[in-house]
1. Ranking request for peptides 135-144, 374-383, 477-486: highest mean number of other beta-carbon atoms within 10 Å first, then the rest in descending order.
2. Could you size up the charge dipole of segment 304-447 around its Cα centre, putting +1 on the beta carbon of Lys and Arg and -1 on that of Asp and Glu, and report it in debye to the nearest 20?
3. Which one, S144, A82, G50, projects farthest toward the positive side of the charge dipole computed for segment 40-144 from Cβ point charges (K/R +1, D/E -1)?
4. Restricting the count to DSSP beta bridges whose residues both fall in segment 414-548, what percent are antiparallel, rounded to a multiple of 5?
5. Measure off 7 Å from each Cα along the Cα-to-Cβ vector at A197 and D404, then give the distance between these two points in nanometres to one decimal.
6. Which one of A366, T474, G393 has its Cα pushed farthest toward the positive end of the charge dipole of segment 347-549, where Lys and Arg give +1 and Asp and Glu give -1 at the Cβ?
7. Please work out whether segment 390-483 counts as rounded, prolate or oblate from its C-alpha gyration tensor, where a ≥ b ≥ c are the square roots of the eigenvalues and a/c under 1.5 means rounded, while otherwise a/b larger than b/c means prolate and anything else oblate?
8. Pick out, from L352, P281, A382, the residue whose Cα sits farthest towards the positive end of the charge dipole of segment 275-382, with +1 on the Cβ of Lys and Arg and -1 on the Cβ of Asp and Glu.
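Just so it is clear, none of the values below were taken in a lab; they were calculated from the coordinates. Quick caveat: nothing in here was measured; it's all calculated off a predicted structure. FYI the Cβ positions are ideal-geometry reconstructions off the backbone, even for glycines, and counts take in every protein chain you see.
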Amino acid sequence: MGRHASTSARTGVARRPALLAGLALVLVAVLVVGGLWWAGRDDAASEATGCTEQTVRVTVAPEVGALVEQLLAEPQELSGGACAVAEVTAEEPLQTLADLGALDAGALPQVWVPDSSLWAARAGDAGLEAAGSVATSPLVLATSRAAAEGLGWTETPPTWGQALTTERPLAVPDLTASAEGLSVLAAVRQSLGGGEAADNAVVEAVLAAARGEVPSVADALRAGTEGGADAPLVPVSEQEVLATNQAAGSDSLVAVYPSDGSPSLDYPVLRVPTAEEDAAPAVDAVVQALTAGSVGTAARATGFRDSDGGAPDGAGAGTGVQEAAPAALQLDGAALQALLGRLSSLATPSRLLTVIDVSTSMNAPAGNGTRATLARDATKSALTLLPDSYSGGMWAFAFELDGDRDFVELAPLRQFGEDAGGRTQRQLLVEQFDSIPDLLRPGGTGLYDTTLAAVRAARDAYDPNSVNTVVLITDGENEDDAGIQLGPLLDTLRAEADPARPVKVVGIALGPDADLDALEQIGDATGGAAYQALDPEDLQGVLFDAIRRRG
């Protein structure tokens, strides 16, 4: 799961771009992602190995990052005086899943350790090859000890179905980004018999969460550690119960193990097909290090169970976690995927007009590329996660990009599955996103005229069955002195606002020179929001958060 994991980055290794959280968020109902890099060892150790190093890219779920870093701390010996050195990136599985569908093979990890094999199933024909498991952690219902005792669950644990049907608030994790959230809802559905009534109960829980009628996961965990008898329920991994108690210096949060068994996070070790065929021996060595018989000891020491269910260190009476492994609950894979599809369809579709700055400042270096290439990759990654029921269009803008106009339409607003001249709208948008680095123009940024025109265009193409949003990505400030200025722009946006056709502006301020204050005022005037990515490499994470919240 990873959202509460605490890790520290090693020096000497570049951070990987986070999944366009800002830009992608405008395109996807998805979760915030963070990325931290570790080298398997420090530079001084590298010089002392005396072997020819072959780097293997390893991406892991954040909460298992420290364990994997420990297991791969030493170079793995290869033949001929070579050795495999792991470069470990911690990021949310959702981000890696999006990358698999958007990035070139050379930019992908060679080994992926997500929290659950569900991600491999969602990757479809990506060609992932499972090689074992580095750790496991059963899914439980976390709440305060006082709440569990008050419900009688310390003596007689409930079924998953009974837990859902209590009047106790249930914090439902983001299903698009959380394997445990989806697994627990599938367990509830299975516990309730798997029929229409079970479907309706699960849907009701999800809709309540979407309406904000239940606490967030973080708030629910906090309430559990505070020990109140009214603490809500939250489905999480057993490892997170231990980690949360340790971080809070508390033993008040407890894991309730439902009587019909627990599905588990299995932390699979997956080989990812890449273009580097000569890297196979190095990849095999890293995979072997992550699946060796000795791995279980390290897994238990970091709060996980081993592949046989052996108890994590620190489990037992008074810790909130039991030593004995709970009964395993095997979920129906086909039913689980069908549930994901149904729950995804519940969300109101987004209609996103993405407007991207193509002034020459977007050519500034950022990570392994430029701001423009990061915007390209972020938007493409986000697009892979949006269903065909969503709609999107694309504009580019600078200063007098098209005659006297500061903007140009590259793709009109359409549903992603619609025909767009012999290919789908989704394919057209991929083509246009790919063109971003080639569109850069000198002359400055025509921010305000573009904003007003984009809002008017989105309103003219308004879909009453969607959330209509303009996503504005810029790394500069308005430099069109002849056009509308900020004060008149804000007045016009407010005056033209139509309650029957609301259009929000979500602004992404990319880098230190972007005018965040202006974007915030524009967001306020339209009911939207503004986000800042001071480090351009954080664009993906900002985008995803922006899209999930949709203003």
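1. By packing density, highest mean first, the sequence is 374-383, 135-144, 477-486.
2. I would put it at about 200 debye.
3. Highest projection toward the positive end goes to S144.
4. Restricted to segment 414-548, the bridges split so that about 10 percent are antiparallel.
5. Between A197 and D404, the simple spin-label model gives 6.9 nm.
6. Most positive-ward Cα: G393.
7. It is oblate, given that a/c is not under 1.5 and a/b is not larger than b/c.
8. L352
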